[in-house]
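To start, the structure itself, in structure tokens.
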Amino acid sequence: LEQLQQLEQLQRLQRLQQLEQLKFSTLDYRSLEIGPEDVVYCDPPYIGTGENYGGFDDEAFQSWLAKCPAKQIYISEYTQLPHTEVAFILGKKQSFNSKGKRPDELLLKYVKD
């Protein structure tokens, strides 16, 4: 029983060490330093709403995605984008100021050629 408790404590310490190694960044996507082993989550303005966010350039973002070295890239969007597959349907996004029906929000996985 004592050995089992020691093993469980060791496993908890290992998980804690792994969490301490995580790096979380919230920057403009063009400012990030990204490596092949990084996991990237993008929450850009949804297609067709870029003018509401200072003129977000969807084409430049798509170009950046194609060049991003990360092997795991996930994107929130209402519609499936080119070079993506639906990883998960997140459902309706809650908003207090929205009017009308909203489509389901999708979590897309970017698929490199």
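The values are calculated or read from the model by the stated rules, or taken from the named source; none is laboratory data. Here the structure is a predicted model, which is why all the values come from computation and not from measurement. So basically every Cβ, Gly included, is an ideal-geometry build from the backbone, and we count neighbours across all protein chains shown. These area figures cover heavy atoms from the full protein model, side chains too; ligands, DNA and RNA do not enter into them. Shrake-Rupley method; radii C 1.70, N 1.55, O 1.52, S 1.80 Å.
Only residues that are open to solvent by 50 Å² or more (accessible area, probe 1.4 Å) and over 18 Å from P36 (Cα atoms): list them for the range 67-82, please. Correct list: T79, Q80, P82.
Determine whether the range 7-24 contains at least one residue that is open to solvent by less than 60 Å² (accessible area, probe 1.4 Å) and over 19 Å from L107 (Cβ atoms). No.
State which residue pairs qualify: first residue at pLDDT 90 or above and inside the range 82-94, second residue of a type outside the set (A, V, I, L, M) and in a strand (DSSP E or B) in any location, beta carbons under 7 Å apart, and separation of 6 or more residues or different chains. Final answer for the pair search is H83/Y110; T84/K109; T84/Y110; E85/K109; A87/Y74; A87/K109; I89/D104. Number of residues in the range 37-66 that are touching a residue at least 24 places away in the same chain (Cβ under 8 Å), surrounded by fewer than 16 Cβ atoms within 10 Å (Cβ to Cβ) and in a loop (DSSP other than H, G, I, E, B) equals 3.
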